[in-house]
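The values are calculated or read from the model by the stated rules, or taken from the named source; none is laboratory data. Everything numeric here is computed off the predicted structure, so don't read it as measured data. Neighbour counts run over all protein chains shown; Cβ positions are idealised from the backbone, glycine included. Heavy atoms of the whole protein, side chains included, go into the accessibility calculation; ligands, DNA and RNA do not. Shrake-Rupley method; radii C 1.70, N 1.55, O 1.52, S 1.80 Å.
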Amino acid sequence: MRILSGIKPTGELTLGNYLGALKNFKAFEKQGECFIFIADLHALTLPIEPKVLKENSKSLAAFYLASGLDPKKTTLFLQSDVSAHSELNAILQNYLYMGELSRMTQFKDKAKSMKDSAIGLGLFAYPVLMSADILLYDADVVPVGEDQVQHIELTRDLVNRFNKRYGKVLVMPKANINKVSKRIMSLSDPTKKMSKSDPKGDIYLKDNPDVIRKKIMSAVTDSGNEIKYDEVNKPGISNLLVIYAAIKGIDIPASEKHFQGYRYGDFKKEIADTVINELKPFMERYQEIMKSDLVNQVLLDGAKRANKIANITLKRVKRAVGLFDEK
Ligand code: AQP
């Protein structure tokens, strides 16, 4: 089984990125052949300073390694180091259509506060490049948070459309959504996703323990006093229950049961302790990796391995569509 996942180096990683993605990678490594990449081309779809993008990319590679991934087993690489992503993107963009791309929720969300003249083509065509990322590695499984499911569905439509016309060229991928940590919400507005590009209510992995505690103790809850999972009427409490469940590897009813009879203050205090204890060893590993030369070595080796596999698929697609390729 081939598994593929990536994160955009657009900003400081949040607890949402950690619970929704990083924390799950090690388990996937045991289940199949993993390709985990730094989606730096995707990061260009919204304005970003070159220096920041470069630093974020290195930092993200170190976070991948700190999550326990073994770079000998898993191919860790930079998207921009594998030119086949851009080449396949150029081919696939002819098989996805304006109508379906303009219906993508993520595009609508990101573009709603922007003037038309400021919306880059890359932001609009984001799902095309994402399809290329997935299909190049013949990925069977793509672990994602809830808001990426629509993009995977679009990739599946593309595979059907393409294979119907050219035969069985592309492998059909499937989204894998972690039931518990699929959507960690903002602490200040628990009806909105915690997102690295929206600093309100985020816990950053690089926050120090005092800051984390302060953020959790002041997280928005409600005027009641019952610790109960109820996304509609108690989104703040529900979000904290989810965070606890995701860290402990339990389901939400078990998280609810654990906090039965707690007062809000004590509940938040235990959530803060749990988050701080979870992130401490992870961040220590991250700091060590950042001090070493490991990231450069791993990305160099990863690029070689990723290019090899990606170019095989690219060749298959080029031949299928009739691009002259007798070499
Ligand atoms: N709040 C979240 N809850 C659960 N999972 C999340 N992920 C992100 N936020 C949450 C998961 O982290 C991975 C990284 O995704 P990405 O950086 O490629 O894009 P994203 O989903 O758009 O993440 P952000 O933090 O919201 O980025 P920006 O702000 O740059 O758009 C994915 O697996 C995602 O599901």
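Taken over region 10-27, residues that are in contact (Cβ under 8 Å) with a residue 24 or more places away in the chain, more than 8 Å from the ligand (Cβ to nearest atom) and either open to solvent by 20 Å² or more (accessible area, probe 1.4 Å) or touching an Asp or Glu at 6+ places or on another chain (Cβ under 7 Å) (or both) amount to 4.
Just one of the listed residues (K269, K248) is open to solvent by 50 Å² or more (accessible area, probe 1.4 Å) and without any contact (Cβ under 8 Å) to a residue 40 or more places away in the chain, and it is K248. For region 223-244, the count of residues that are in a helix (DSSP H, G or I) and farther than 28 Å from K8 by Cα is at least one.
Taking region 38-56 as the range and being touching a residue at least 40 places away in the same chain (Cβ under 8 Å) and closer than 18 Å to L129 by Cα as the test, the residues that pass are I38, A39, D40, L41, H42, L44, T45, L46. Taking residues in region 170-198 that are under 18 Å from L19 (Cα atoms) and among the β-branched types (V, I, T), and partners anywhere that are more than 10 Å from the ligand (Cβ to nearest atom) and open to solvent by 40 Å² or more (accessible area, probe 1.4 Å), not one pair has Cβ atoms closer than 6 Å while being at least 6 places apart or on different chains.
Within region 199-234, the set of residues being touching a Phe, Trp or Tyr at 6+ places or on another chain (Cβ under 8 Å), of a type outside the set (V, I, T) and touching a residue at least 40 places away in the same chain (Cβ under 8 Å) comprises just one member, L205. If you go through region 193-204 and keep only what is touching a strand residue (DSSP E or B) at 6+ places or on another chain (Cβ under 7 Å) and more than 9 Å from the ligand (Cβ to nearest atom), you end up with I203, Y204. Exactly one residue out of N277, N296 is open to solvent by 80 Å² or more (accessible area, probe 1.4 Å), within 30 Å of V220 (Cβ to Cβ) and in contact with a helix residue (DSSP H, G or I) (Cβ under 9 Å, 6 or more places away or on another chain), and it is N277. On the basis of being aromatic (F, W, Y) and open to solvent by 20 Å² or more (accessible area, probe 1.4 Å), does Y64 make the cut? Here the answer is no, as Y64 does not meet what is asked.
Residue count for region 130-175 satisfying the condition of being within 30 Å of D251 (Cα to Cα), open to solvent by 40 Å² or more (accessible area, probe 1.4 Å) and either more than 10 Å from the ligand (Cβ to nearest atom) or among the β-branched types (V, I, T) (or both): 6.
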